[in-house]
Structures are given as C-alpha cells and as structure tokens.
Ligand SMILES: Nc1ncnc2c1ncn2[C@@H]1O[C@H](COP(=O)(O)OP(=O)(O)OP(=O)(O)O)[C@@H](O)[C@H]1O
Ligand SMILES: Nc1ncnc2c1ncn2[C@@H]1O[C@H](COP(=O)(O)OP(=O)(O)OP(=O)(O)O)[C@@H](O)[C@H]1O
Ligand code: SF4
Ligand code: SF4
Ligand SMILES: [Mg+2]
Ligand SMILES: [Mg+2]
C-alpha cells in the first residue's frame, strides 16, 4: 500500500460527525446513538466493537438510511461520502449510493433477504438496477459471485430460496450481494458470526482481497476480538451510544486506554491449556438509554470510578497518535494517572499463546 | 465422568432434504451420539454440515428420515404430533440460531418469554409476570423491557430473549444453537456462567452448537466435530482442542483467530484448499478426502468409521490414519 500524505484537500472517503439517533417509544425516547464521530479511509478497515445494544448497528444503518423514521429520529450529525451529504437521502447526483457506493452485509441475513425470491435473483437485481445489465448477464454474474463466496454447487444453489440455505450459507450469499457492484465502502455488521472458523477465514480473505484489488474501505462490526486482531487497522470501542476509545489495532490491544476495554479481557476464555479460570463478566448492566447518566456512562460499573465520574462526562483524552480514551483517569490531576492505576492490570491482549506446536498442520503454515 | 447415565441417544440418525429432480441433501447422515445426564456436549463444524438439522431432528422439530432417538431409554416418535410437542416441552427445548426470525414480531417480550409457561404450567398471570421478570434479569435484560416488541432490540438482546424463552420452562435438555454468537464477550461470559450454574443447580444437559472454539472448549465436557453430515471426531473437549486428531479438526482449530494482532499478522492463510464438498452427491470414501492433506488411496474408496483410538479409548475419530 502506498503511504498517504496526510495533508490533502481531498475530503475523507466517509466522515461521520456527532451523530445522534433516538427512538420514540412508549416509555420515552431511547438515546441509541449519542454523538458518534469517525472517518474511514480508502483501503483501510475500521472495526467497531462494543457491548450488545450500544448502538453499533443503528449507527451504520442510519448511514444507509435504513432506520425507520419515525420511530427513529436523527437528532444531530452529518455524514459525508467524499464530501457529499448522505444523511436523510439515498441519492448522490440522482444515483442511489446504496449498493453501488456503499455495500452492506447485515447482521440478520434472514430478515434482509427476500424469502420469496431466489438467492440468485436477489444478487442479480442490483446489477440490473445500478449497471443496467440484462437479466441473463446479471444472473450468471450472480453465480460467479456465489462461487467467489465459496458456495458449493453455486449454479443449483442460485435457484434456491433463503430457507433452503444454512445460516452460514445465507451469510455468504449476503456477502456476494454486497460486493456485486464493487462498492467503495463495505459495511459488514457481524459478517462472520454465523460461520465456522475455516469459512470465516475464507470470507475474511475474500474481503481482504477485495480491499487489495479495489481499495475498498471496510467498516467491520464484530464481537469477535480474534477477528478484530486479524482484520482491523483502526478500532473504535463503543459503550452506551458513544465511542469511548479509538486507536490503532495495536493501541487497543496492547495499550488499552479505557476501563471498559480492559474489562472485556477478563470475560474471554483464554486459550492457555493450563488455565481453568472462570469467565468474569463486567459487573452490573449498561445504563438506561432513556435517561443516560450525566457523567461517564461506564461509572456505575467501573472499578476505578472517582467522584468526578458521576458528575461530568469525560472528554476524549488524547493518549497517543490518533488514540484517545474517554476516561478521567487520563486527566493530569488524577494522582498517579492511568499508568499507575492500571499498572499490572491486564490489557486486552491474551498473553497466553496456544500450545499448538504438536500439530503438524500448524507447523507448515508458519 | 464416572457413572454417566445416558440421557439422549441418537442411533444412525439421518435427515435428508429433497431437491428437484430426485436429488437430496444429506444434511445428517447416520449420526450416533450419546449425551449423558448433566453433560455439556459442544458441537462444532463446517457451516452447512448439519449441526442445526441434527439438533432439530434430535428433539423432534424435524421428522427423521431414518434412525432413532432415545430419551431416558425410551424411543421418541419418528414424526411428532401436537401431543408429542406438548408432552415434551418441559423436558426438551431449543435456543434457535437466528434471533431475528425466531421471535414473533407481533408479541411483546413478556408474551414471548411467558408463552410456554402459560401453556404448560397453569401459573397465575401475576406469578407468570414475576417469573418472566426474573428470567429476563438472569439473562442480563431489564425486566422493564417486558412490554416492548422484538424489533426494538439489538441482535444480542434478542438472542437473550430467545434464551430466556427456552430456559423458563426449566427443561432437562436444551439444544443451544449458537446461543452466544451475537453477544459481546462480557454478556457471553454472563450467559455461559448462567448455563454452567443451571447445569449444577437443575442438572441441565446441553448440546451446545457454536463456532467459537475457545468458548466450546471452555464450556463443554466433550467436543464433537461434524463434517458434511457425519461426525469426524468426538472426545474430551480439552483433548480435542489442544491435540486434534482428525485432519479436518486440525485445520479447524488452526483457523481459530487469536485475539492478538501480532500473532494474527504472523499467521499465514489457513484457508482449506481443494474442491468444495457438496452434501448432495455423497459417494464412497472419506468425506474429507478431496481437501485432506493426508489423503491416501484407501480414503477415496472406503468410508472411515468413527472408532475409539487405541491409546485413548474416550476419543473417537473417523479417519484411516488412526486404524
Ligand atoms: N426500533 C427501535 N425502537 C426502540 N429502540 C431501538 C430500536 N432499534 C434499536 N433500539 C435500541 O437502540 C439500541 C442500539 O441498538 P443496536 O441494534 O444499534 O445495538 P448493537 O450495538 O448493534 O447491538 P448488538 O451487538 O446486540 O447487535 C439498543 O439499546 C436497542 O434496544
Ligand atoms: N429446509 C431445508 N430444505 C433444504 N435444505 C435444507 C433445509 N434446511 C437445511 N438444509 C440444508 O441442509 C444442510 C445442513 O444445514 P444446517 O442448517 O443443519 O447446517 P449447520 O451445520 O447448522 O450450518 P451453520 O453453521 O451454517 O448454521 C445444508 O446444506 C442446508 O442447505
Ligand atoms: S471516567 Fe471514571 S467511571 Fe468512566 S471509565 Fe474512567 S474511571 Fe471509570
Ligand atoms: S480418512 Fe483419509 S482423507 Fe479422510 S481425513 Fe483421514 S486421511 Fe484424510
Ligand atoms: Mg447489532
Ligand atoms: Mg446452523
């Protein structure tokens, strides 16, 4: 990859600023996304991780205009694709950017595929719409795409309906659909959750190849920190509708700068054969998004919480190049500061290496 | 495990799905598996290898093409009628893989989670409400969510609604189909701890289908590996994970991503090569032969049977390298 000079007049490929999304419900309004800002660059992968329900899917679905409004409501924010607004519209210059410029792989394949249409037709359709291809040409491309996504018997399978596919095959069919028009940005919401690790590896390779060949930017939402370690250049950690830490993948794993990120570590099983420790979930539950706390959203669960944490929201403290943590422990007046307080505390990194030496297959790959 | 009592026993369990022109998908092809009381058996394997179909056929949600399933020594019907489902609801349950399509969009969370209890327990409606509330908090959801509808929840929240719905009847045996895949690691830990606690307190027995090998290793007593409708390997979870025997298991375990960027950067591609297997035309020989780095002439003609290893009789492998 070529080194980009950072001072250019080119607007970023995708830039999101201060996005706030609410849902009006029965019991009040749910503040699902509370001021999210990020940008993605060509050829790079941004991973978004965070607790279940923290607003990851709503964030990306808002960009794609997929959040029904009402009950959803865009409270503030801007989002631009190469400098052009994409919020509240599905078009740039009269062209639908969804599918052609931004492709999306959804978390729930079953509800985003049409159950009454064959898989092949569903993949072919955007090619007919965006590229003006003939029925036949689009369908044979659909078969090729299914093959690329490692669906066996692609030709037969293309004529089948979603219910005839296994969970993992549906996910791969969605990937075929999302990349059909070679979009500049691929948003993948838990794209490999339903896949076994060998097919996951193939799909991640497939996404990686696409990125190499076309400079596609990828926004990857996942709970699997192994997948993050493998794919991400940058990582945003979300909690209760906000990005609480953002940095390079190494920053997040080796130099974690937020107690929530650190807390994830203890909850994961380790791959150390001698370790039989129990999993330690983070105590307590996430805050009520009907009335989020005034201070730090993590305060009620944070083992390091101080007085100020419950009264004022921490700003994003810059702790390194392009690395910030939204936590008061980084404030210069905090005695000892982050390093002292968390010294010795585990970072996200799983230190234990797996005892795989005995496997002959593991040996020939390294 | 000493004195293990078999709870669910499948014998040559088979499930085919018809395809046009007389072809069929061999989704589950003669699987023998014994699950003991209070045991957690992890089931992993290639996607599309038949794990969900096996789980559903095991508890009667799909009629069997062939083979039998015994529960506490009694054979279960080949095809279930409404009375069978009703009788069985309190003993066997399933947590479904897809938290989206398995929840009725027109029912509130309270109705979804409480439905089974209402049908099968005759609790008064205020007791029912309390029970629903307590199960929601056990899976880490606010009881206040009861009056909301499924579309108001995130993927992980819906998955937990499905978990509460299955467990509220306090069944003896649960097929958990990817119960934690949509959850963040902290909530995963919470659910896994809950399942372990229920195993201790209610004697819960589980078939735990998942793709997260580290988690399956952690929670399971034994780990079974499925490939193209058949079992490739089964044994104590720790042994299978740390010293896999079947070549497919080796590749599977070696592909498990590590939460460590440096290790991942050093990793070369582990992608399996070779032709993609089809569950439609299954010929003689080993199902993995087309992709196996160790395949021999014998592998293409003779189907390997699941047999105990000579030196580790609690481990079974279906591969000619071992006999
Ligand atoms: N239509 C809706 N009405 C009310 N609340 C909603 C609606 N859609 C989402 N929410 C709420 O918004 C919050 C964010 O949801 P979102 O789906 O973005 O979470 P997520 O981070 O993707 O979680 P997961 O990892 O579980 O998929 C959740 O608390 C959810 O309950
Ligand atoms: N109703 C159906 N009709 C036709 N074929 C089906 C049906 N259900 C499943 N199959 C096929 O049976 C095979 C096994 O599917 P199954 O869903 O059991 O796999 P799985 O191991 O659970 O996969 P995954 O890990 O992707 O969920 C697949 O080839 C699938 O396409
Ligand atoms: S700001 Fe305070 S409560 Fe929030 S994460 Fe930091 S120490 Fe914990
Ligand atoms: S039987 Fe042969 S082809 Fe099959 S897994 Fe063993 S060595 Fe490989
Ligand atoms: Mg989501
Ligand atoms: Mg399945």
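Some notes on this structure:
- Shape metrics for segment B:162-216, restricted to C-alpha atoms - Rg then Dmax, Å: 10.7, 29
- Relative to the dominant Cα principal axis of chain A, helix A:197-214 is inclined by about 80°.
- Only helices enter the 222 nm calculation for chain B: every DSSP H run of n ≥ 4 contributes -39,500 (n - 2.57), and dividing by all residues gives -9500 deg cm²/dmol, rounded to 500.
- Here the Gaussian network model covers chain A, with springs between Cα atoms less than 10 Å apart; of A:259, A:191, A:314, A:314 fluctuates the most.
- GNM top mover of A:68, A:286, A:162 - chain A, alpha-carbon springs below 10 Å: A:68
- Over segment B:1-160, the hull volume per residue, using the convex hull of the C-alpha atoms, is 164 Å³.
- Of every Cα-Cα pair in segment A:105-260, the percent that sits beyond 21 Å: 48
- In chain A, the calculated helix contribution to ellipticity at 222 nm averages -8500 deg cm²/dmol per residue, counting -39,500 (n - 2.57) for every DSSP H run with n ≥ 4.
- Length-normalised contact order of segment A:1-84 in % [C-alpha pairs under 8 Å, at least 6 apart]: 44
- Whole-number percent relative contact order across segment A:90-186, with pairs defined as alpha carbons under 8 Å at least 6 apart: 43
- q = 0.11 Å⁻¹, chain B: log10 I(q)/I(0) [Debye, one scatterer per Cα]: -0.74
- Using C-alpha pairs under 8 Å with a sequence gap of at least 6, the mean separation divided by the residue count of segment B:182-273 gives a relative contact order of 16 percent.
- Annotation for residue B:125 and residue A:310: the two label points, set 7 Å from Cα along the Cα-Cβ direction, are 3.9 nm apart.
- When only alpha carbons of segment A:1-143 are considered, Rg and Dmax amount to 17.5, 52 Å.
- Quotient of the Cα radius of gyration of segment B:88-213 and 2.2 N^0.38 Å, N being its number of residues: 0.97.
- The ranking of B:234, A:308 by Cβ neighbour count inside 10 Å, starting from the fewest, reads A:308, B:234.
- Percent of Cα pairs exceeding the 16 Å cut-off, where the set is segment B:219-309: 61
- Angle in degrees between helix B:125-138 and the longest Cα principal axis of chain B, rounded to the nearest 10: 40
- Neighbour counts of C-beta atoms inside 10 Å place B:178, B:110 in the sequence B:110, B:178, starting with the fewest.
- Rounded D (µm²/s) - segment A:174-254, Kirkwood Rh over Cα pairs, Stokes-Einstein at 4 °C, 1.567 mPa s: 96
- Rounded to 5, the percent of DSSP beta bridges in the protein assembly as shown classed as antiparallel: 60
- Prolate/oblate/rounded call for segment B:190-264, Cα gyration tensor, a/c under 1.5 rounded: oblate
- Restricting the calculation to Cα atoms, segment B:59-153 yields a radius of gyration followed by a Dmax of 15.9, 46 Å.
- Note on segment A:60-195: percent of Cα-Cα distances in each 5 Å bin, starting at 0 and stopping at the bin with the largest distance, equals 2, 10, 20, 21, 19, 13, 9, 4, 1, 0.
- Most simply put, chain B has about 60% antiparallel DSSP beta bridges, counting only bridges with both residues inside it.
- For segment B:45-99, the spherically averaged projection of the C-alpha convex hull amounts to 4.7 nm².
- Angle in degrees between helix A:119-131 and the longest Cα principal axis of chain A, rounded to the nearest 10: 90
- Gyration tensor verdict on segment B:142-186 (Cα atoms; rounded if a/c is under 1.5, prolate if a/b is larger than b/c, oblate otherwise): oblate
- Neighbour-count order for A:327, A:181, B:319, fewest beta carbons within 10 angstrom listed first: A:181, B:319, A:327
- The alpha carbon convex hull volume per residue for segment A:242-325 rounds to 110 Å³.
- Principal axis dimensions, largest first and in whole angstrom, of segment B:1-62 by Cα: 50, 20, 18
- Scaled to the globular estimate 2.2 N^0.38 Å, the Cα spread of chain A, given as radius of gyration, is 1.05.
- Principal axis box of segment A:11-69, alpha-carbon based, largest edge first, Å: 42, 23, 18
- Three-way shape label, segment B:148-297, alpha-carbon gyration tensor, a/c 1.5: prolate
- D_trans [Stokes-Einstein, Kirkwood Rh over alpha-carbon pairs] for the protein assembly as shown, 37 °C, 0.692 mPa s, µm² s⁻¹: 125
None of the figures in this text is laboratory data; all of them are computed from the coordinates on show. What you see is a predicted model, and the numbers here were worked out from it, not measured in a lab. Glycine also receives a Cβ, built like all others from the backbone with ideal geometry; neighbour counts cover every protein chain displayed.
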